[in-house]
Amino acid sequence: MKIGVLTTQPFPDQSLEEVLEYLSDMGVECVELSCGGFLGSTHMDPEKALEDKSERRRISNLLKEYDMEISAISAHGNPIHPQEEKAETYDNDLRTAIELASKLDVGVVNGFSGCPGASEDAKYPNWITFPWPGEHTEALEWQWEECIIPYWTDLSEFADEKDVDIGIEMHPNMSVYNPETMIKLREETNDRIGANFDPSHLYWQGIDVLEAIQELGERDAIKHFHAKDTRIYDHHRRLNGVLDAKPLSDIRNRAWNFRSVGYGHGESHWKDIISTLRLVGYDDVLSIEHEDLLASTQEGLEKAIDLLKRAAFREERKGEDHWL
């Protein structure tokens, strides 16, 4: 396993070279670069890199200089947004990321499933989480049959042509938000579709992360992994539940908050996660996504790196079963 970092949130003002130098000194081996969507494209201009071979060579040389790899290219947007202009923008971001990944020999592009509106006339996305009144069930069926499956069937075929996998992050306000909807999308499209497994969005839903890893891992459906934690605050949860639309910055009053690795769930739990990942055959990158508002960027990131260094299996097992 290798330790990586999604670079956009912690390093909004630094150049790619500055980021690589800092992370290399910290013992990080991989970076995940955002190329559009909600996070933008801070450390790589996707259009320029796609069109200009010399720009791709510059990026490759920088990576080689700091002994780093790109674990994934990310384009987290809503390509099935009910507003056509927005949907086209996010779709273009994804397709550009897939083409660029193919040219840079990066195997995975991460993103969201997106979420459509409830009908053809909708203006805003509609995340449906309850079947009654019945019009909500009808709207959910329409979303899958008319928007989600057709779009992702086409995009997964495009990704297959480019020999690139797509890691869908199970996320609230998106149509794919848990293992069941993740598996449904994969079964309705092709095996290029899988999970960018981020446990932080599963904890507060009450999902057992270890069981979710096993469920998806048994289907070889984990394409990438985000190392990100969540802390649930029991007083607020008991009082108001976990569906919490208060701003993420309102950390004192929310039922749950994103935390650095180890500050929502302890080191023992993260060792269980890593062991379960290896158990189901995922032995790749643990990409840290830092969104802890209680820690400075540097300290929060470095504590996450430190914990993962202790917990991750860094070596392959080779012919070591002679004693069995």
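Cβ crowding within 10 Å, taken as a proxy for footprinting-reagent exposure, orders Ile193, Ile59 from fewest neighbours to most as Ile59, Ile193. Gap in Å between the Cα centre of the range 117-175 and the Cα centre of the range 281-319? So the separation of the two Cα centres works out to 31 Å.
With both residues required to sit in the range 2-311, DSSP beta bridges show an antiparallel share near 15%.
Listing Ser60, Ser260, Ser287 from fewest to most neighbouring C-beta atoms within 10 Å gives Ser60, Ser260, Ser287. Considering only Ile149, Thr276, Tyr124, the residue lying farthest towards the positive end of the dipole of the chain is Thr276, judged by Cα position with unit charges set on Cβ.
Residue-wise HN-Hα couplings along the range 261-270, as the Karplus relation 6.51 cos²θ - 1.76 cosθ + 1.60 with θ = phi - 60° gives them from phi, are 3, x, 9, x, 9, x, 4, 4, 5, 5 Hz; Gly and Pro carry x. A simple charge model with +1 on the Cβ of Lys and Arg, -1 on the Cβ of Asp and Glu and nothing else charged puts the dipole of the chain at about 1020 debye relative to its Cα centre.
I need the Kirkwood Rh of the chain: take the reciprocal of the average 1/r across all distinct C-alpha pairs and report it in angstrom.
About 20.4 Å, per the Kirkwood formula over Cα pairs.
Our helix-only sum for the chain, with -39,500 (n - 2.57) per DSSP H run of n ≥ 4 divided by its residues, gives a mean residue ellipticity at 222 nm of -12000 deg cm²/dmol.
Every number in this text was worked out from the coordinates using simple rules, so none of it is lab data. No experiment lies behind these values; they were computed from the predicted model shown. No Cβ is skipped: glycine too gets one built from the backbone with ideal geometry, and neighbour counts run over all protein chains shown.
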